[in-house]
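See below for the structure under consideration.
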Amino acid sequence: MTTPFYVSPEQRMNDMADYARKGIARGKSLVGLVFADGILLCAENPSRTLHKVSEIYDRIGFAGVGKYNEFDQLRIAGIRHADLKGYNFSREDVDARGLANQYAQILGQVFTHEMKPLEVEILVAELAGGDEADDQLFHVLYDGSVSDHRDYVVLGGDAEAIRDRLDERFQPELSLAAAVAAAVGALAEPERELGAADLEVAVLDRGNGRRAFRRIEGDELAALLP
């Protein structure tokens, strides 16, 4: 009788985490940033049809990095969860914290019990109040870990280097143009520039009413770029 191959739980978890991190690092990065009038979601994404940034519910946005088909499944699951909860209870009961917890459960379950982890990181952002002090950014990792951020968050790619560049540029109460400049400057490497065709940009705009999500494209985006 053949002895089954044994791998310790710790080694299996380490191997799964390394696999997910390498897959995510091969993709393009994304920045979520709080500014004076809302939340900016800025991703390096040359595709015009495959979106990394989208709306989940009234004042809640979603962004993902890693394998597109995997984070898009999570986006769809989040929309269904939000719609069902809003219909059964009230629209005010749908919030970013609850969605982030749902995503954390899904990702943690896959990471613990499946052969392959999901190669994704996701961001759930919400305009939760009347000013930027109340805005919420929840970063959910491939293993189900959740962290909340006050000012900005970086997902995917060379996140540490981008975070360092963004830390030098970020200030409270930035205008939209200054926020876009800070995000794009952080995403661009020192020897490389990013143009409007390389970016996907959207905002959760405090002045946009209940449906706060708005894409920034074309001439409007080009005018905002430094």
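The values are calculated or read from the model by the stated rules, or taken from the named source; none is laboratory data. It should be emphasised that the depicted structure is a prediction, and the values quoted were computed from it without experimental measurement. Neighbour counts run over all protein chains shown; Cβ positions are idealised from the backbone, glycine included.
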Report task. Assess whether A181 counts as being crowded, with 16+ Cβ neighbours inside 10 Å, over 27 Å from E119 (Cα atoms) and in contact (Cβ under 8 Å) with a residue 40 or more places away in the chain. Result -> yes
Requested in this report: State all residues of region 110-134 that are acidic (D, E) and either surrounded by fewer than 18 Cβ atoms within 10 Å (Cβ to Cβ) or at pLDDT below 95 (or both); if no residue qualifies, say none.
Outcome: E114, D131, E132, D134
Requested in this report: With the condition kept exactly as written, say whether any residue in region 202-215 is within 16 Å of the chain's Cα centre (by Cα) and among the charged types (D, E, K, R).
Outcome: yes
Report task. Exactly one condition in (1) touching a strand residue (DSSP E or B) at 6+ places or on another chain (Cβ under 9 Å); (2) among the basic types (K, R); (3) farther than 30 Å from E173 by Cα is not met by R80; state its number. Result -> (1)
Query raised in the report: Among the residues of region 38-62 satisfying the criterion of being closer than 13 Å to K28 by Cα and touching a strand residue (DSSP E or B) at 6+ places or on another chain (Cβ under 7 Å), which is surrounded by the fewest Cβ atoms within 10 Å (Cβ to Cβ)?
Result: H51
Report task. Kindly indicate whether A161 is hydrophobic (A, V, I, L, M, F, W, C), surrounded by fewer than 24 Cβ atoms within 10 Å (Cβ to Cβ), more than 22 Å from I76 (Cβ to Cβ) and modelled with pLDDT under 95. Result -> yes
Query raised in the report: Mind checking which residues of region 184-199 are aliphatic (A, V, I, L, M), outside any strand (DSSP E or B) and either buried (at least 16 other Cβ atoms within 10 Å of the Cβ) or touching a helix residue (DSSP H, G or I) at 6+ places or on another chain (Cβ under 9 Å) (or both)?
Result: V184, A186, L187, A188, L194, A196
Requested in this report: Take G156 and decide whether it is touching a strand residue (DSSP E or B) at 6+ places or on another chain (Cβ under 9 Å) and at pLDDT below 95.
Outcome: yes
Requested in this report: Just give me the residues in region 137-161 being among the charged types (D, E, K, R), out of contact with any Pro (no Cβ under 8 Å at 6 or more places or on another chain) and assigned to a loop (DSSP other than H, G, I, E, B), in sequence order.
Outcome: R150, D158
Query raised in the report: Which residue pairs have Cβ atoms under 6 Å apart, sit 6 or more places apart or on different chains, and have a first residue in region 200-218 that is in a strand (DSSP E or B) and a second that is charged (D, E, K, R) and surrounded by 23 or more Cβ atoms within 10 Å (Cβ to Cβ)?
Result: E200/K52
Requested in this report: State which residue is farthest from A20 (Cα to Cα) when the search covers only region 83-113 and only residues that are out of contact with any strand residue (DSSP E or B) (no Cβ under 8 Å at 6 or more places or on another chain) and of a type in the set (G, A, S).
Outcome: S90
Requested in this report: Could you tell me which numbered condition E121 fails, if it satisfies all but one of (1) within 14 Å of the chain's Cα centre (by Cα); (2) under 17 Å from V34 (Cα atoms); (3) not small (G, A, S)?
Outcome: (2)
Report task. State the number of residues belonging to region 93-109 that are surrounded by fewer than 20 Cβ atoms within 10 Å (Cβ to Cβ), within 11 Å of D143 (Cα to Cα) and either at pLDDT below 95 or aliphatic (A, V, I, L, M) (or both). Result -> 2
Report task. Take region 4-24 and flag every residue that is surrounded by 12 or more Cβ atoms within 10 Å (Cβ to Cβ) and either touching a strand residue (DSSP E or B) at 6+ places or on another chain (Cβ under 7 Å) or among the β-branched types (V, I, T) (or both). Result -> G23, I24
